[in-house]
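The next block holds one structure in the form of structure tokens; read it before the comments.
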Amino acid sequence: MTTMTHLKRFITILELRMVLLVLLLALVLSVASPHFLTSSNLYNLLDQSVVLGIVAIGMTFVVLTGGIDLSVGSVAGMTGIVLGLLLREMPIVPAVGLTLLVGALTGAISGALITFFGLASFVVTLGMLAIGRSLAYVLSGQRSISDIPDALSQLVYTEIFGIPLNVVILLVLYAAAWAYLTHTKGGRTIYALGSNPRAARIAGLNTVFYSILPYAVSGMLAAVAVTLISAQILSIDPLAGNLLELDAIAAVVIGGASLMGGRGSVVGTLFGVFILVMVRNGMNLLGVSPFWQGTAIGVIIIAAVLVEKLLAGRTR
Amino acid sequence: MTSEPLVAVRDVSKTYGHIRALRAANFTLRPGEVHALFGANGAGKSTLAGIISGQTARSGGALTINGHDIAPRFSPREAIAAGVGIVTQETSIADDLTIWENVVLPHYGLRGRMSRRDLRQQAARAIDKLGFADELPLDTHCADISAAHRQLVEIARIVALGSRVIILDEPTASLSPGETSRLFGAMDRLRREGQGLIFVSHRLEEIFAICDRITVLRDGETVAEGRAIDSLDQAGLIRLMVGREIESLTAHDIPECADRPVVLSLRGVGAARMVHDASLDLHEGEIVGLGGLIGSGRSELAEILVGLRPMTRGTISLLGAPYRPASSVEAMRRGIGYLPEDRWRQSIIPDFSVRENILLCHLGGLSGPALRYAGRAADIDRIADLIELPRDRLDERSMRNFSGGMQQKALLIRALLMEPRVLVLDEPTRGIDIGSRATIYRLLRQLAAQGLAILLISSDFEELLALSHRIVPISDGRTLGALHADGTDEEQLTLIAVPRASLKAQQAFLTDLARQLPGASAWFIPSGGRLFCLSRDDGGGDTLPAVGEILTVGDSATARAVAGGDGRWHALPQGSHAAGFIIENARGHSVGIVGLTCAQVPGTDHHAAVAQGLARLEDGRLRIRAATTAPERA
């Protein structure tokens, strides 16, 4: 009886549930394929998690406020081209800095439109999705930019204590996001306004600033993600980041966040990212046709939401 | 009355998981009665109402409706077919449809073809039957009507379905006293047509006003079944409800605060809408009640004070300094605490723990990024002890398992944590059972005794009068002077708080009187040795006070002459004359005093003039109190 109640309490803590799920998935995959549990494959998994993982942080911020950001993929594409063009004019550090600023500004514009005019985030970011991709093509002249300085690749291939820099960046960003969301005024405000914006405003929280901020974070992290893509392949395509928003939303939802806002965590999202990446990786290892991946991921998304719904119903 | 019962409930139980919401509920509804279902929050009233209306499946026991046994799994649609309709607190009105479409909405779920014209007529008939044809224009969109009217649309919906059993679950929670009495009129009409009405409520006055019989639930069990309402008194009912004696809600001593420093002072305050001209003073340690109905601007005035609504006119001074809050943080930092009227929509963060909910204003008031939650733990414990919220409940993960009273206590801690000098409370006891109410009342008095100034808003005038030192009436966004709470009763306050527009006829009557004399005339509400001027003739002579002004009987010869109410002319020191008539309604309750003044005693029969004028007011239900009718020409 007591072990059952302990187990129940354990299950109701989101992060622990996610760890359990990831471990279970890893166990199944390592039994199914001898190639899964090799150091090179595990490194591969982390490497593949970087871009999606970074974008998913921004998406978590937005979803916590009860919004959604459909524009992250095309903002990544657009800022990637901006980076490529800037790198022709200036050294790496200011170019990357300016690129991140452009990403943040783009997000802030969406956020401001949503907050000041009470527009639906779905619609505003859908518009931004179209605008971003279109600008990526216009600015690039419909061509990939491949004259990227080799030095940019240091962002990916430098190792710190044997860990590649891009993975370090991913983990540092997660740690920072977690600390921000759980231990600062801004973070708690984001949760509060996602849960009940009216109560948050009446209690004196700065709901205007913190409604816009998540979109700016999301836009900036899209720019960070595309910078790392460019560093890895030393080429930037205007189509970069296409459909990235759907994977990011999937990761956030699998990670247990409520699309109504107020509930979720970046730790959950990180495990959501791992689950997505592991399923794809495992299916590749097992030689399953890539066309089946969509079905598998779709089932996982729906199952994740269903489990959340059932658990939420029980705790009420 | 031994007619076949419409509804019979025998030993019905309901469990949710491990929680027993109902153990052994017994209840019988007869045709042509209004039957109160009474009990504290969580006693199982709403669960039982849900079972009878097919919204909740029962776990055990028997239910018969119109003599037919009903299976435990019984859908709302089957309930409607069986003739049972329910109106709940949360209205299920479709905003984008018109009133008539909403009234016949359930018909869309029925089989068969329907013609829009027939349905519209059906809706019109239902609204007529309730007597609300003037208030519910068929083609108005429901998005544009008030909460009270939405409730009426729901009731019309049930009537349109032809239900013989009508369940009203706390229908008056969002209604003003005037609206409530109109609702009672409609209920009476339905009762006389032989329908059975179940009235779920925890407001005693209302139960005594409208119900024939009462069934009391306590902890999921029927403790009194179908008692005649005449056989019970308020104290007895409360005893039945809580199973013990509780302290009276009203009896208390009010220390005088008029000589203490003014903390908050409003002069001519207005906003773009709803508030036009509000003035009041709030002293240290004083509780001032805003006596207004819904729509009077009372909540909007509170919003101005807490920085949620921009002030466009007037001045406010707070602790002697000018005050014009631009945001709720500013209001909080300046020492204003606020508990808004709707806890779930305006106060509670559902995904936060109890503790973090309590810390929400602290969070809003932080100037740096650090949370500093730990530094507040001692303060929270101290205030929790003060207001008797058990410390172990502070660490629950959600406010969902808190009763209304517990939620309100937690929210009080939230406000008190900011060390306010002024507390603005909007409907602090809405949806809270009598047991917890008493605790909250004691708490507010205690806080006031410690020097906190409290501005209180409540639709429950009994509560407002019991808690407040003074009452500032407000109607149509304008405050009207200030009354001392002792010596004022609910009926007087209701009269004073009516919307000004509805006083048009009274004003015309007074103007007419003044012309006939000729002189001046005014309608006063007597209140503890004072006369409150409710309305007056439009001549504007200065022998009588302006609307909202108060005359003290001890200080004014005019007031003395009028308050006497003997209908005779009394010579005043300034050479003019004054007379007063006490006016009462059909039930013999005084509704005010008509005061007249003139330079010389006129030749016209002023008694007859008043009587004739009264006959044209309020369908002739008012008359001059018999004891004072000694028509004698001086």
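Quick notes
- A search for C-beta distances below 6 Å between a residue of segment B:218-231 that is acidic (Asp, Glu) and any residue that is assigned to a strand (DSSP E or B), counting only pairs 6+ apart in sequence or on different chains, returns B:Glu221/B:Arg23; B:Glu221/B:Ala24; B:Glu225/B:Asn26; B:Glu225/B:Thr215.
- Residues considered: B:Ala522, B:Ala514, B:Ala505. Of these, the only one that is surrounded by 18 or more Cβ atoms within 10 Å (Cβ to Cβ), touching a residue at least 24 places away in the same chain (Cβ under 8 Å), in a helix (DSSP H, G or I) and not assigned by TED's automatic domain parsing to the domain that holds B:Glu179 is B:Ala514.
- The number of residues in segment B:413-436 being over 19 Å from B:Leu290 (Cβ atoms) and assigned to a helix (DSSP H, G or I) comes to 6.
- Top-ranked residue in segment B:378-406 [being within 12 Å of another protein chain (Cβ to nearest Cβ) and at pLDDT 85 or above; ranked as surrounded by the most Cβ atoms within 10 Å (Cβ to Cβ)]: B:Met399
- Test: residue in segment A:256-266 that is away from chain B (no Cβ under 14 Å) and surrounded by fewer than 23 Cβ atoms within 10 Å (Cβ to Cβ): no
- Only residues that are in contact with an Asp or Glu (Cβ under 7 Å, 6 or more places away or on another chain), free of Cβ contacts under 8 Å to residues at least 60 places away in the same chain and within 19 Å of B:Val263 (Cα to Cα) were counted across segment B:292-345, and they come to 1.
- Taking the listed residues A:Val156, A:Val168, the one that is surrounded by fewer than 19 Cβ atoms within 10 Å (Cβ to Cβ) and either farther than 24 Å from B:Gly368 by Cβ or out of contact with any Gly (no Cβ under 6 Å at 6 or more places or on another chain) (or both) is A:Val168, with no other qualifying.
- Here A:Ile163 meets the list (1) over 28 Å from B:Ser328 (Cα atoms); (2) within 14 Å of chain B (Cβ to nearest Cβ) almost entirely, failing just condition (2).
- Only residues that are closer than 23 Å to A:Asn206 by Cα, touching a Leu at 6+ places or on another chain (Cβ under 6 Å) and either buried (at least 22 other Cβ atoms within 10 Å of the Cβ) or not aliphatic (A, V, I, L, M) (or both) were counted across segment A:79-130, and they come to 2.
- Residue in segment B:214-224 that is within 15 Å of B:Leu29 (Cα to Cα), surrounded by fewer than 22 Cβ atoms within 10 Å (Cβ to Cβ) and in contact with a helix residue (DSSP H, G or I) (Cβ under 8 Å, 6 or more places away or on another chain) present: yes
- Members of segment B:152-176 found to be of a type in the set (Ser, Thr, Tyr) and closer than 19 Å to B:Ser459 by Cα, listed by number: B:Thr172, B:Ser174, B:Ser176
- One residue from A:Leu139, A:Leu129, A:Leu171 being part of a helix (DSSP H, G or I) and touching a strand residue (DSSP E or B) at 6+ places or on another chain (Cβ under 9 Å): A:Leu171
- Evaluation of B:Arg182 against (1) of a type in the set (Lys, Arg); (2) modelled with pLDDT under 90; (3) touching an Asp or Glu at 6+ places or on another chain (Cβ under 7 Å) (one fails), failing number: (3)
- Residue within segment B:11-30 that is touching a residue at least 40 places away in the same chain (Cβ under 8 Å) and under 16 Å from B:Leu168 (Cβ atoms) present: yes
- Of the residues making up segment B:350-370, just one is within 20 Å of A:Gly264 (Cα to Cα) and among the β-branched types (Val, Ile, Thr), namely B:Val354.
- The set of residues from segment A:174-188 being in contact (Cβ under 8 Å) with a residue 12 or more places away in the chain and either outside any helix (DSSP H, G or I) or within 7 Å of another protein chain (Cβ to nearest Cβ) (or both) comprises just one member, A:Gly186.
- Here the condition is being within 29 Å of B:Leu29 (Cα to Cα), touching a helix residue (DSSP H, G or I) at 6+ places or on another chain (Cβ under 6 Å) and at pLDDT 85 or above; of B:Asn102, B:Asn66, it holds for B:Asn102 alone.
- 3 or more residues within 12 Å of chain A (Cβ to nearest Cβ): qualifying strands (runs of 3 or more DSSP E) within segment B:277-345: B:336-339
- Top-ranked residue of segment A:189-248 - restricted to ones that are within 9 Å of another protein chain (Cβ to nearest Cβ) and outside any helix (DSSP H, G or I), ranked as surrounded by the fewest Cβ atoms within 10 Å (Cβ to Cβ): A:Asn206
- Test for A:Gly162: is it under 30 Å from B:Leu308 (Cβ atoms) and either surrounded by fewer than 21 Cβ atoms within 10 Å (Cβ to Cβ) or in contact with an Asp or Glu (Cβ under 9 Å, 6 or more places away or on another chain) (or both): no
- Residue check, B:Val263 out of contact with any Asp or Glu (no Cβ under 6 Å at 6 or more places or on another chain) and under 21 Å from B:Ala321 (Cβ atoms): no
- In segment B:69-102, of all residues being β-branched (Val, Ile, Thr) and in a helix (DSSP H, G or I), the one that is surrounded by the most Cβ atoms within 10 Å (Cβ to Cβ) corresponds to B:Ile99.
- Within segment B:346-356, considering residues that are more than 9 Å from chain A (Cβ to nearest Cβ) and not in a loop (DSSP other than H, G, I, E, B), the one surrounded by the most Cβ atoms within 10 Å (Cβ to Cβ): B:Val354
- Of all the listed residues (A:Gly66, A:Gly58, A:Gly77), the sole one being at positive phi, at pLDDT 90 or above, in contact with a Pro (Cβ under 8 Å, 6 or more places away or on another chain) and not β-branched (Val, Ile, Thr) is A:Gly66.
The values are calculated or read from the model by the stated rules, or taken from the named source; none is laboratory data. These figures come from a predicted structure and were not determined experimentally. Backbone-built Cβ (ideal geometry, glycine too); neighbour counts: all protein chains shown.
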